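Asker: Structure below; questions to follow.
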Amino acid sequence: MDRGIKHTTKRAAMFVVAALAFSTTLDAQRPLDRTRGFVLGVHTIGATGLTVSGADMEGDLTTSFGAGAGLMVGYGFTKSITGYASFDVAKQGPGNGEFDGNLGLSHIELGARAYLPLGTPATMPYLTGSFGRRSLAARVTDGFNGEFDMSFTGTAFGIGGGIERVISPALAFDGGVEATFGRFNHAEIADMSGSIDLNGTTSIRLRAGMTWRPGRSR
């Protein structure tokens, strides 16, 4: 009987040790363990207004803060680096009242997320860097030219950061902020189109949405 008790006690001790080891392994896993492979994201954004001005423009064109939406598709090449392509657009109103109508501020970008080995296993902070094209466009109406199409486009560079918070094996809340710098260097206004000399502008976007990793269903 003593032998049976000792055998049972030994098995229980081995089970406890194994459970503790497994728990320690889980606790030691970083958020980076789940960032490989494809990732899809959808998000809402809030974009600050812009002031478009320069040598080739009479007066200033300003826009007000606006909301919008976007999407992202990416691939985690390593535990730390995910490349992505994204598109978003925000609807902004005229800030100076010189015309009627809303403008669409859009960003098309290629970039990378660098996940940081910080936080907890359910929290994945990251930094971003991107390059792409930014556009400010609208169909507007003023008192002199009536209704016409107007757009400004140019290359842009972005930096930012955020946090993904895991809510299931495949889903995570994704929130962050990005600042984009660039210069609109091409304009299309009514029937006129060509290069334009404008000052640099900065757009700041707040982002909140979800990411989905198809390979993480379990």
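Asker: Restricting attention to the alpha-carbon atoms of the range 35-216, what are Rg (one decimal) and Dmax (integer), both in Å?
Answerer: 18.2, 60
Asker: Count neighbours as other Cβ atoms within 10 Å of each site's Cβ, and list the chymotrypsin sites (Phe, Trp or Tyr not before Pro) in the range 126-218 that are DSSP loop with at most 15 such neighbours.
Answerer: Phe144
Asker: Here is a follow-up. Can you give me the distance in nm between label points at Asn102 and Asn199, each placed 7 Å from the Cα along the Cα-to-Cβ direction?
Answerer: Spacing of the two 7 Å Cα→Cβ label points: 2.7 nm.
Asker: Where the only charges are on Cβ atoms (+1 Lys, Arg; -1 Asp, Glu), what is the dipole of the range 68-218 about its Cα centre, to the nearest 20 debye?
Answerer: Dipole about the Cα centre, nearest 20: 1120 debye.
Asker: Tell me which of Tyr115, Gly49, Met210 sits at the most positive position along the dipole axis of the range 35-216, charges placed on C-beta atoms (Lys, Arg +1; Asp, Glu -1).
Answerer: Tyr115
Asker: For the range 35-216, with the dipole built from +1 on Lys and Arg beta-carbon atoms and -1 on Asp and Glu ones, taken about the Cα centre, which of Leu40, Ser80, Gly182 lies farthest toward the positive end?
Answerer: Farthest towards the positive pole: Ser80.
Asker: Modelling each spin label as a point 7 Å along the Cα-to-Cβ direction, I'd like the Asp191/Ser168 distance in nm, to one decimal.
Answerer: Result for the modelled spin labels: 5.6 nm.
Asker: What nm distance separates the two modelled labels at Leu71 and Thr44, each placed 7 Å from Cα along Cα→Cβ?
Answerer: Simple spin-label model gives 1.9 nm for this pair.
Read the figures in this text as sums done on the coordinates, not as results from a lab. Predicted, not measured: the structure shown is a model, and the values here were computed from it. With ideal geometry, Cβ positions are generated from the backbone for all residues, glycine too; neighbour counts draw on all protein chains shown.
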